[in-house]
């Protein structure tokens, strides 16, 4: 494994950097996707992440620093698993809400087809419609916050992070709106 960009990362002092987030992420990524990284490869990735943290004038690694992994010569399969692992770790709670909303939507669809929806379920659909509206607005605002964050703009991973973040949030908004459409059909009938 070697660094393709930002060669200066290999020369930056990183002794005092708290790298727990990097270590936890790499362990999750390595174990969950059965990547079989050697200890040397893990140390190399952690060193790059710690150097990014130092370069970004922080003493603790944050999730944006993890994107430095993409400055190495990892293959497309590793990149895909990296993005999947980032989605899981960055959006864990939101992904949970999406899954729960999807399961409720599927249940409501079945009840709707059987014409057996109760008033309580209609009320719950109304609440979910309003909740989704608020969640979508919150997510749209979060994109602006990330895109306009000066600390992130000054980091070497800004483009990688913002592209990933915007893509993930846009996809989640589309899913929420799709589920919301089902709830609106139920309420309108």
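The values are calculated or read from the model by the stated rules, or taken from the named source; none is laboratory data. These figures come from a predicted structure and were not determined experimentally. Here Cβ is always computed from backbone atoms with ideal geometry, including for glycine, and neighbour counts include all displayed protein chains.
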Only unsatisfied item for residue 148, checking (1) touching a helix residue (DSSP H, G or I) at 6+ places or on another chain (Cβ under 9 Å); (2) at pLDDT below 95, is (1)
Select from the stretch 67-82 the residues that are within 16 Å of residue 168 (Cα to Cα) and surrounded by 15 or more Cβ atoms within 10 Å (Cβ to Cβ) and list them in ascending order.
67, 81, 82
What residue, of 45, 55, 98, 35, is under 21 Å from residue 166 (Cβ atoms), surrounded by 12 or more Cβ atoms within 10 Å (Cβ to Cβ) and out of contact with any strand residue (DSSP E or B) (no Cβ under 6 Å at 6 or more places or on another chain)?
98
Which one is farthest from residue 97 (Cα to Cα), of the residues in the stretch 151-169 that are out of contact with any helix residue (DSSP H, G or I) (no Cβ under 8 Å at 6 or more places or on another chain) and modelled with pLDDT of 95 or more?
163
Among helices (runs of 4 or more DSSP H) entirely inside the stretch 18-102, those with 1 or more residues being within 30 Å of residue 132 (Cα to Cα) and without any contact (Cβ under 8 Å) to a residue 24 or more places away in the chain are 76-90
Given (1) in the same structural domain as residue 180 (by TED's automatic domain parsing); (2) assigned to a helix (DSSP H, G or I); (3) in contact (Cβ under 8 Å) with a residue 12 or more places away in the chain, index of the condition residue 117 fails
(2)
Kindly provide the set of residues from the stretch 152-189 that are surrounded by fewer than 16 Cβ atoms within 10 Å (Cβ to Cβ) and under 12 Å from the mean Cα position of the chain (by Cα), ordered by number.
163, 166, 167, 170, 171
Name the residues in the stretch 18-32 that are surrounded by fewer than 12 Cβ atoms within 10 Å (Cβ to Cβ) and either within 18 Å of residue 84 (Cβ to Cβ) or touching a helix residue (DSSP H, G or I) at 6+ places or on another chain (Cβ under 8 Å) (or both), would you?
31
